[in-house]
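Note sheet for the following structure.
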Amino acid sequence: MHKRTDRFSLQVAKEVYELAFEALNHKRWISGQMNRRSFLKAIGSAALLPILPRYLSASTSFSRRRPSDAAWPSKSEWKRLNDAVGGNLIPVKFPLAVSKTDPSGASAELLSQNLKNPYYIGDQPGLTQTLGWVDAWATKPSVYAVAARNAHDIAEAVNFSRENDLRLVVKGGGHSYQGTSNAPDSLLIWTRHMNDIAMHTAFVPQGCDHVLQPQPAVTMGAGTIWVHAYNAVTTRGGKYVQGGGCMTVGTAGLIQSGGFGSFSKHYGSAAGSLLEAEVVTADGQIRIANTCNNPDLFWALKGGGGGSFGVVSKMTVRVHDLPDYFGTANLTIKAASDDSYRRLIREFVSFYRDHLFNDHWGEQARVSPDNKLVINMNSQGLDPDQAKKVWKPFLDWIALSPQAYSIEGRVVIGSIPARRWWDFQWWANHWPEIAFPNPNGRFLISMLDESLTYLMKEPVFQLDKRPGAGPNDAWWDGNTAEAAWFIWAYESLWLPSSLLEDSSQQRFADALFAGSRTSYISLHFNKGLAGAPPDAIAGARDTAMNPAVLTAFALAIAGDGQGPAYPGIPGHEPSVGEGRKAADRIHRGMNQLRALVPNAGAYVSESNFFEKGWQQSYWGNNYPRLAEIKRKYDPGGLFVVHNGVGSEDWSADGFTRL
Ligand SMILES: Cc1cc2nc3c(=O)[nH]c(=O)nc-3n(C[C@H](O)[C@H](O)[C@H](O)COP(=O)(O)OP(=O)(O)OC[C@H]3O[C@@H](n4cnc5c(N)ncnc54)[C@H](O)[C@@H]3O)c2cc1C
């Protein structure tokens, strides 16, 4: 009898729950004419409040459970989950613990070496690529993780968390700067091993047979990291997929934040190429999201931020044709005085507008207090001679004033066959010195031009040398510093292309110079889409990102930190004082640009943990629509991340409804 009542109650509760979902679809909820309780009352179901999931029936005092709470699931309940996910529920260890308990031991020494290897970090459910941020967060492990193999495992974990009022967190590549894939006292859904990749020659999203043309595409499990996608799509497949510049970033995390790679100025944002996602929503349903199914959810997953709308189990993205060449332009110019530096910046702004402001050129130029202009840019579609020709006027201008300007190191401008860009075995065979440091610590590079052999100070990439690592498990050496980083400060803002107009260039150059007095500032040209082809702009326009990205020619980024560092580890304590000073310097530097563009907007994944007005900054006028979709698919706020859509309703730790 008791059982039957329970089943009946649950059935009614389910119907009420579904009705609630339907009601949430209607604007009445959104416009505040009806709240949760008045809705239940109106349909005569207030009596059911006790049997509804706590997060639907709860008053404002709702809090999620921690291991110290009596209501934390019992061992047998955890066993039930473990059985449901095929034995893949694991207690999460904290690898950094050994550095506290035995800081001078061999294990701590090995850990400290491994912490500079992004693959090692990615393999640890209890670690994140960034270890923390001064005055913001420090990484801490979840209690348990479901090492998910498929959408069904994910659905089990989602249902278990919802039914037991647990804090849930999702981690793929683990590259969130803001710690959004990290939550202590939580259950983690860890997708690392969901890394299957399948190429399609003629993909049609489900249900879109008469709507969309078949097109080449690739489906990637949610735990796939970009280097593995590039191996499959470019090295083996001779095609291109738009992913991240950093090769160890996770595909699901990057696409959900918008996502840019070195060649985005031609191919657009990663989200702009998304064709379909399989996603588990808060109700435990496995849904297909594309133009024809759940199109609102599909749109939100394209740039609305990871960890807010559901757990993605796989994604299918368009693949593009590959150009003949990918290339690079690296040079560092030192100005002899502040005055000559000011003129150099002015000249570069003008040169950029006239010669580089197009879909061939992406990546970065950096200004800094030491009066250096560091250029690390990448090209697509230009052979070595074409690339060198582009830079000639700028190099000629520098050469005219040898007293004012000197080139540090060598100028490296060239390109290689695009298909070999992520083929590190090919690189190693052609230029072994690039892959592995030679004894005197210097490295040779020749970019398809045997007459140009340059000595460079740095290796181009590093390989994961742990036993069992894949032959192409590499990372750009430029990303090494960010492995196990403890951030002091990080800010970004989009720079509209109007700053490149003749009448604005001087003002912009002056602001850059002024900013460089207190902080280095990098202009990431591939993270603003002005200058991109119309189809790349159209793809990005149909995403949830702040539309400022469409008219920006670059994303300005300034950041600083130290690493490996973590609180309580002797010799590796984060320098809180230094960190706060750096945050102040960077803020003052970036304010010089903000003075020109007060409501510039910032890129959600690469921005300030303390971003003011983050809803507007990250999503602009798209925020109300995103908030509505959040309420529809996750009315109970199961998915909470720092400064994510709907997180206003939750305490900073995501445990207590405000
Ligand atoms: C060293 C470094 C280099 C970077 N380089 C670039 C770059 O070149 N271009 C660029 O655009 N960005 C870059 N980023 C930012 C990066 O793209 C974002 O932080 C991205 O969200 C990371 O995804 P992830 O899966 O690696 O990280 P995670 O930390 O695992 O996830 C990031 C967010 O997405 C959520 N998430 C992850 N998987 C899922 C899933 N399956 N379903 C739902 N939510 C999920 C997480 O909960 C979290 O909120 C870089 C970051 C770092 C640390």
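Report the residue count in segment 160-175 for those that are part of a loop (DSSP other than H, G, I, E, B) and within 15 Å of the ligand (Cβ to nearest atom).
Qualifying residue count, segment 160-175: 5.
So which of Ala554, Ala538, Ala532 is modelled with pLDDT of 95 or more, assigned to a helix (DSSP H, G or I), among the aliphatic types (A, V, I, L, M) and over 30 Å from Val98 (Cα atoms)?
Just a single option satisfies the conditions, and that option is Ala538.
Testing Gly87 on (1) assigned to a loop (DSSP other than H, G, I, E, B); (2) crowded, with 19+ Cβ neighbours inside 10 Å, one condition comes back false. Which one is that?
(2)
Of the conditions (1) of a type outside the set (Asp, Glu); (2) in contact with a strand residue (DSSP E or B) (Cβ under 6 Å, 6 or more places away or on another chain); (3) modelled with pLDDT under 95, Ala148 fails just one. Which one is it?
(3)
Looking at His210, is it in contact (Cβ under 8 Å) with a residue 12 or more places away in the chain and either more than 9 Å from the ligand (Cβ to nearest atom) or not in a helix (DSSP H, G or I) (or both)?
no
Being part of a helix (DSSP H, G or I) and surrounded by fewer than 24 Cβ atoms within 10 Å (Cβ to Cβ) is the filter here, so list the residues in segment 514-523 that pass it.
Scanning segment 514-523 gives a single hit, Ala514.
For segment 554-605, give me each residue that is more than 16 Å from the ligand (Cβ to nearest atom), closer than 29 Å to Gly362 by Cα and among the hydrophobic types (A, V, I, L, M, F, W, C).
Ala582, Ala583, Ile586, Met590, Leu593, Ala595, Leu596, Val597, Ala600
Within segment 224-255, can you find the residues that are of a type outside the set (S, T, N, Q), without any contact (Cβ under 8 Å) to a residue 60 or more places away in the chain and not in a helix (DSSP H, G or I)?
Answer for segment 224-255, where residues must be of a type outside the set (S, T, N, Q), without any contact (Cβ under 8 Å) to a residue 60 or more places away in the chain and not in a helix (DSSP H, G or I): Gly243, Gly244.
What number of residues in segment 564-602 are among the small types (Gly, Ala, Ser) and part of a loop (DSSP other than H, G, I, E, B)?
8
Surrounded by fewer than 23 Cβ atoms within 10 Å (Cβ to Cβ) and within 22 Å of Asn591 (Cα to Cα) - does that describe any residue in segment 524-541?
The answer is no, given that none of the residues of segment 524-541 is surrounded by fewer than 23 Cβ atoms within 10 Å (Cβ to Cβ) and within 22 Å of Asn591 (Cα to Cα).
I'd like to verify a number: residues in segment 386-426 that are part of a strand (DSSP E or B), within 22 Å of Val349 (Cβ to Cβ) and either in contact with a His (Cβ under 7 Å, 6 or more places away or on another chain) or hydroxyl-bearing (Ser, Thr, Tyr) (or both), how many?
Qualifying residue count for the region: 2.
Looking at (1) buried (at least 20 other Cβ atoms within 10 Å of the Cβ); (2) more than 20 Å from the chain's Cα centre (by Cα); (3) closer than 30 Å to Phe357 by Cβ, which is the only condition Ala558 fails?
Condition (2) is where Ala558 drops out.
Taking only pairs six or more apart or across chains, which ones have beta-carbon atoms under 8 Å, a first residue in segment 603-624 that is within 17 Å of Leu495 (Cα to Cα) and assigned to a strand (DSSP E or B), and a second residue that is among the aliphatic types (A, V, I, L, M) and within 16 Å of the ligand (Cβ to nearest atom)?
Tyr603/Val549; Tyr603/Leu555; Glu606/Leu555; Glu606/Ile557
If the requirement is being within 13 Å of the ligand (Cβ to nearest atom) and among the charged types (D, E, K, R), which of these qualifies: Asp634, Asp653?
One residue alone meets the criteria, Asp634.
Condition (residue is hydrophobic (A, V, I, L, M, F, W, C) and surrounded by fewer than 21 Cβ atoms within 10 Å (Cβ to Cβ)) applied to segment 492-500: is it met by at least one residue?
Yes, segment 492-500 contains at least one residue that is hydrophobic (A, V, I, L, M, F, W, C) and surrounded by fewer than 21 Cβ atoms within 10 Å (Cβ to Cβ).
Please go through segment 324-380 and give me each residue that is assigned to a loop (DSSP other than H, G, I, E, B) and of a type in the set (D, E, K, R), ordered by number.
Within segment 324-380, Asp324, Asp359, Asp370 qualify.
Anything in segment 327-337 that is of a type outside the set (Val, Ile, Thr) and modelled with pLDDT of 95 or more? List them, or say none.
Residues satisfying the conditions are Lys334, Ala335, Ala336, Ser337.
Return only the number of the condition from (1) closer than 23 Å to Cys246 by Cβ; (2) without any contact (Cβ under 8 Å) to a residue 24 or more places away in the chain that Ser74 does not satisfy.
Result: Ser74 passes all but (1).
Report, by residue number, each residue of segment 134-159 that is among the aliphatic types (A, V, I, L, M), more than 26 Å from Ala489 (Cβ to Cβ) and either free of Cβ contacts under 8 Å to residues at least 12 places away in the same chain or part of a loop (DSSP other than H, G, I, E, B) (or both).
Val143, Ala148 - these are the residues of segment 134-159 that are among the aliphatic types (A, V, I, L, M), more than 26 Å from Ala489 (Cβ to Cβ) and either free of Cβ contacts under 8 Å to residues at least 12 places away in the same chain or part of a loop (DSSP other than H, G, I, E, B) (or both).
Consider only pairs whose beta carbons are under 8 Å apart and that are at least six residues apart or on different chains; among these, list those whose first residue lies in segment 106-128 and is modelled with pLDDT under 95 and whose second residue is away from the ligand (no atom under 12 Å from the Cβ) and in a helix (DSSP H, G or I).
Qualifying pairs under 8 Å: Ser107/Val98; Ala108/Val98; Ala108/Ser99; Leu111/Val98; Leu111/Ser99; Ser112/Ser99; Asn114/Tyr120.
Can you work out which of the residues in segment 228-255 that are within 12 Å of the ligand (Cβ to nearest atom) and among the hydrophobic types (A, V, I, L, M, F, W, C) is farthest from Asp464 (Cα to Cα)?
Applying the filter and picking the extreme gives Ile255.
Would you confirm whether or not segment 176-184 contains a residue that is within 16 Å of the ligand (Cβ to nearest atom), on the phi > 0 side of the Ramachandran plot and at pLDDT 95 or above?
yes
Within the bounds of segment 582-592, is there any residue that is buried (at least 20 other Cβ atoms within 10 Å of the Cβ) and within 21 Å of Ala544 (Cα to Cα)?
No, every residue in segment 582-592 fails to be buried (at least 20 other Cβ atoms within 10 Å of the Cβ) and within 21 Å of Ala544 (Cα to Cα).
Please go through segment 500-513 and give me each residue that is of a type in the set (A, V, I, L, M) and either out of contact with any Leu (no Cβ under 8 Å at 6 or more places or on another chain) or not in a helix (DSSP H, G or I) (or both), ordered by number.
Leu500, Ala509
Which one of these does Asn195 not meet: (1) without any contact (Cβ under 8 Å) to a residue 60 or more places away in the chain; (2) of a type outside the set (Gly, Ala, Ser); (3) more than 13 Å from the ligand (Cβ to nearest atom); (4) touching a His at 6+ places or on another chain (Cβ under 7 Å)?
Tallying (1) without any contact (Cβ under 8 Å) to a residue 60 or more places away in the chain; (2) of a type outside the set (Gly, Ala, Ser); (3) more than 13 Å from the ligand (Cβ to nearest atom); (4) touching a His at 6+ places or on another chain (Cβ under 7 Å), Asn195 fails exactly one: (3).
Which of the residues spanning segment 199-239 are farther than 30 Å from Ile121 by Cα, surrounded by fewer than 17 Cβ atoms within 10 Å (Cβ to Cβ) and hydrophobic (A, V, I, L, M, F, W, C)?
Ala202, Val211, Leu212 - these are the residues of segment 199-239 that are farther than 30 Å from Ile121 by Cα, surrounded by fewer than 17 Cβ atoms within 10 Å (Cβ to Cβ) and hydrophobic (A, V, I, L, M, F, W, C).
Would it be correct to say that Ala217 is within 16 Å of the ligand (Cβ to nearest atom) and small (Gly, Ala, Ser)?
Here the answer is no, as Ala217 does not meet what is asked.
I'd like the full set of residues that are farther than 30 Å from His228 by Cα and assigned to a helix (DSSP H, G or I), limited to segment 471-499.
Result: Ser497, Ser498, Leu499.
The values are calculated or read from the model by the stated rules, or taken from the named source; none is laboratory data. Here the structure is a predicted model, which is why all the values come from computation and not from measurement. Here Cβ is always computed from backbone atoms with ideal geometry, including for glycine, and neighbour counts include all displayed protein chains.
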